[in-house]
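This report concerns only the one structure given below.
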Amino acid sequence: MTTDTTERGLEDLICIAMTGRASTLPFTGVGIESSSEPYGGTGWLLGDSRDYDREYCVDLVYLRDFLKATQPAIAAALELDSDTPVRRRFLARLEKECCKRGVIDLLRNGVKHEKYTNIDLFYGTPSPGNNKAALQYAANRFSLTRQLRYSRDETRRALDMGLFINGLPIATFELKNSLTKQTVEDAVEQYRRDRDPKERLFNFEVFGGHNTD
């Protein structure tokens with residue numbers, strides 16, 4: 001069997017290793033899809049670029065499904081199934097807090113929103129024998145989305161891969177293949193030259209907020 005040495009072939013290998021599959025399920029076109037596919041590979045789920053909300057920089061399916069599984073009353077109140085003013089206010093709050101505090105702090109400490117003093121966005125590794133914590137941890141959604149169309153204005157622009165935890169972005173990647181004479185330096189230059197830093201996704205901080213001085 002011939003080995004695919006192209007960049008797409010490398011994407012396939014990474015996706016299969018992490019998620020157990022290289023492509024997503026067919027899109028039905030009806031509302032927000034469900035993240036019902038089983039875990040595979042090393043425990044990651046394969047996301048769909050169509051589920052990524054470019055305005056608020058979240059994977060709506062995995063964010064919604066995590067909150068439904070862990071905090072169903074809050075998920076229902078936030079109207080996450082439909083594009084309503086209630087949902088938009090919550091997503092805007094998430095985006096603001098991600099830019100201010102960083103994604104990691106948001107995952108660790110949750111978010112306050114309107115009457116809700118704390119909405120959990122991640123559950124950490126449980127201690128041995130803590131069955132409740134084990135169930136909560138199992139509800140986390142670790143996902144990988146390939147060809148992530150991130151731009152609000154140039155809608156066909158895409159990153160090779162994005163990683164998410166419960167719908168929140170934690171890393172993006174441009175893959176390079178030494179067999180085609182491309183190196184990590186080429187990826188760095190691609191971010192520098194071809195990726196607009198004003199794009200909302202690139203304004204997110206992972207470990208901390210922006211310095212506004």
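The values are calculated or read from the model by the stated rules, or taken from the named source; none is laboratory data. If you're wondering where the values come from, they're calculated on a predicted model, not measured in any experiment. Note that each Cβ is placed from the backbone with ideal geometry, even for glycine, and that neighbours are counted across all protein chains shown.
Candidates are the residues of region 124-158 that are under 30 Å from K198 (Cα atoms) and β-branched (V, I, T); the one that is surrounded by the most Cβ atoms within 10 Å (Cβ to Cβ) is T145.
Counting only strands (runs of 3 or more DSSP E) that sit wholly inside region 132-211, those with at least 1 residues that are under 27 Å from D105 (Cα atoms) and at pLDDT below 90 are 158-165, 168-173. In region 87-103, the residues that are within 12 Å of I119 (Cβ to Cβ) and without any contact (Cβ under 8 Å) to a residue 40 or more places away in the chain reach residues that are of a type in the set (A, V, I, L, M) and in a helix (DSSP H, G or I) with C-beta atoms within less than 7 angstrom, at least six apart or across chains, in these pairs: E97/L106.
Counting only helices (runs of 4 or more DSSP H) that fall entirely inside region 30-113 and contain at least 2 residues that are at pLDDT below 95, the qualifying elements are 85-101, 103-109. Report whether or not V61 is of a type in the set (V, I, T), within 16 Å of the chain's Cα centre (by Cα) and on the phi < 0 side of the Ramachandran plot. So V61 passes the test. For region 64-88, taking the residues that are over 18 Å from Y123 (Cα atoms) and among the hydrophobic types (A, V, I, L, M, F, W, C), the one that is surrounded by the fewest Cβ atoms within 10 Å (Cβ to Cβ) is identified as A76. Applying a threshold of 7 Å to beta carbon distances and a minimum spacing of six or more residues, or different chains, the list of pairs starting in region 49-75 at a residue that is closer than 16 Å to F142 by Cβ and ending at one that is of a type in the set (V, I, T) and part of a helix (DSSP H, G or I) reads D51/V61; L67/I74.
For (1) under 16 Å from A73 (Cα atoms); (2) exposed (fewer than 13 other Cβ atoms within 10 Å of the Cβ), each residue gets a yes or a no:
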{"site": "F90", "(1), (2)": "yes, no"}
{"site": "E95", "(1), (2)": "no, no"}
{"site": "N109", "(1), (2)": "no, no"}
{"site": "K112", "(1), (2)": "yes, yes"}
{"site": "F122", "(1), (2)": "no, no"}
